[in-house]
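Note sheet for the following structure.
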Ligand SMILES: Nc1nc2c(ncn2[C@@H]2O[C@H](COP(=O)(O)OP(=O)(O)O)[C@@H](O)[C@H]2O)c(=O)[nH]1
Ligand SMILES: [Mg+2]
């Protein structure tokens, strides 16, 4: 075991933010020692992960900001991981009404880090599982992960969060009728933000109807109206999140389900890494020349040779 990585790990465990920031950089960029750092992580940590997803501009960062304010009063230690190219947590975007975010940069109970997204359209960072696990290693009560909802990413966040919040805004309007079934499944709590705007009530009612229908005799997914800029509904949302986390802790299957989800994705990534795309194209070009070329036979033998 490398001594410097061991020391870094101890510092992270002790709550040293600088060490944590360095650790994240090491993992994010797969720098020297990143694997040994990951190999030291413990699985039974108390920090719980809350995922906040939704379309760009829905107010996710504003909600996170308001929740930080709310939970600071309860003396909670919180980490925020923002995976959002337009996130106000990005230093470059600390402009205008977003400047207020900076108030937390020097707070010893709040750690904020923004990550680059995997693709131009947003989505999750390639190393989000590993980084979230690393952040959990530090003594936080909660780890909030903000992600822009673009297709697959909402589902991915659900695979690593103990509680997933889906944020919608009145502008979503009738889209709710066509809400992807996947979204209904992953949301543990719905938030109708910008409740100060026209259409919020309609959206709220529609969502309530949908969650009611979906629940059958089971528990309905809560729908909470917030106006994050005015700090309305935030206390209620904060309480609902903590309530959900507590309730969920008593379901042992949930832990295994989350672990399996993460394990599956890590295996996929590791296996894909071994594939040299250039080599594949080169060999494919040769094979495709042959009269008896068969793509499926080629794929099978290519994989077998890895
Ligand atoms: N009217 C209104 N505007 C809001 C509310 N919450 C956020 N906003 C504004 O919506 C814009 C996008 O917010 P932001 O938090 O950056 O959205 P994100 O992309 O989902 O993180 C900002 O200009 C916010 O000030 C709200 O409850 N009501
Ligand atoms: Mg944001």
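A few notes on this one:
- Filtered residues of region 23-69 (kept if at positive phi and in contact with a helix residue (DSSP H, G or I) (Cβ under 9 Å, 6 or more places away or on another chain)): 33, 54, 57, 59
- Of the helices (runs of 4 or more DSSP H) lying entirely inside region 1-87, those carrying at least 3 residues that are more than 30 Å from residue 225 (Cα to Cα) and either over 21 Å from the mean Cα position of the chain (by Cα) or touching a residue at least 60 places away in the same chain (Cβ under 8 Å) (or both) are 3-13, 17-28, 34-39.
- Condition met for residue 68 (buried (at least 18 other Cβ atoms within 10 Å of the Cβ), at pLDDT below 95 and more than 15 Å from residue 134 (Cα to Cα)): yes
- Of the helices (runs of 4 or more DSSP H) lying entirely inside region 219-306, those carrying at least 2 residues that are in the same structural domain as residue 57 (by TED's automatic domain parsing), closer than 25 Å to residue 159 by Cβ and free of Cβ contacts under 8 Å to residues at least 60 places away in the same chain are 234-249, 252-273.
The values are calculated or read from the model by the stated rules, or taken from the named source; none is laboratory data. Remember, it's a predicted structure, so these values are computed and weren't measured experimentally. Every residue, glycine as well, gets a Cβ built from its backbone with ideal geometry; the counts of neighbours run over all protein chains shown.
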